[in-house]
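Participant: After the structure tokens below, expect a handful of questions from me.
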Amino acid sequence: MDLPDPTVLAAPSEDPGGPQIGDDARIAHVSRSDDTDRIVREYGPYVWRALRRLGVSERDADDACQEVFVVVHRKLAEYEGRGQLRTWLYGIAVRVAAAHRRRAHVRREVPTENPVDEDLPSEETPEGAAIDREALAALDHALAALDDDKRAVFVLYEIEGLEMPEVAEALGCQVQTAYSRLYAARGEVERAMRRAALGRGGA
């Protein structure tokens, strides 16, 4: 019996139809990129707004937003649909915002713009608009005075409208802990707003 030529057995296949070395990794990368692009289109504006309300300056907001979605792209495979996507995104945004605020503190930067007024309605009259701007500026200062934990809970629950279990999941804490931080934050914000109103001669 003639034995097959071992050089023929060892020769690489010329069939281009099968998967090649590295195809699985490339396909996974392309799929992850497509998913990230979709998430950016759908959630980008909300993440940008949340970063501003979490204390990231307007100058740094675009860079911070990009950082959030770099993390999303890198860790998307780990997400695996656990919980709501927006909760996961806000959790990343909170951590990125905290890092940016720490860097800004090192640079001794002082915010000069109001991060909470981009999409809030104002009164139609000039007087009403001025009052709105003053109130928003007071809220901005009140938020800036909160520590990171209280600010994150307040922003995610009171401004972004997440349910408290979502807030707790995003921040990696117990629901009761999140409620405690919210109550404390509300008290500090209310006192700060009253002081600001008295300073303007309000009631």
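Participant: R0 = 30 Å: FRET efficiency of VAL175 with TYR46, Cβ-based, nearest 0.05? If you can, show how the numbers build up before the last one.
Facilitator: Values: r = 23 Å, r/R0 = 0.75.
The calculated FRET efficiency here is 0.85.
Participant: Measure off 7 Å from each Cα along the Cα-to-Cβ vector at LEU198 and MET164, then give the distance between these two points in nanometres to one decimal.
Facilitator: 3.0 nm
Throughout, read-outs are computed from the coordinates displayed, never taken from laboratory work. It should be emphasised that the depicted structure is a prediction, and the values quoted were computed from it without experimental measurement. Cβ coordinates were reconstructed from backbone atoms using ideal geometry, including for glycine residues, and neighbour counts include every protein chain displayed.
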